């Protein structure tokens, strides 16, 4: 898949960012793959700056870790 739509978040141990543009609005959805067949969506936000906010990345990583620990 082109990185325009799906991008790996470096240093996140498996976290990806789905990019969606609707008109002038840009949305980001963090997700990860489980067993290569399931995409788990962890959180989403509207992007208002060029750089992805670190607190959103940390939130997504924490949700991913919580999911993996509860399995």
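Quick note: the coordinates plus some simple rules give every number you see, no bench work behind them. Source: prediction; values computed, not measured.
Computing semi-axes √(5λ) of the Cα gyration tensor in Å for the structure here picks out one of [x] 21, 14, 10; [y] 55, 20, 9; [z] 23, 18, 13, namely [x]. For the stretch 1-52, the relative contact order comes to 24 percent (Cα pairs under 8 Å, sequence separation of at least 6). The angle between the Cα long axis of helix 54-70 and the longest principal axis of the Cα atoms of the chain comes to about 30 degrees, rounded to the nearest 10. For the chain, the mean residue ellipticity at 222 nm estimated from helices alone is -8000 deg cm²/dmol, where every DSSP H run of n ≥ 4 contributes -39500 (n - 2.57) and the total is divided by all residues, rounded to the nearest 500.
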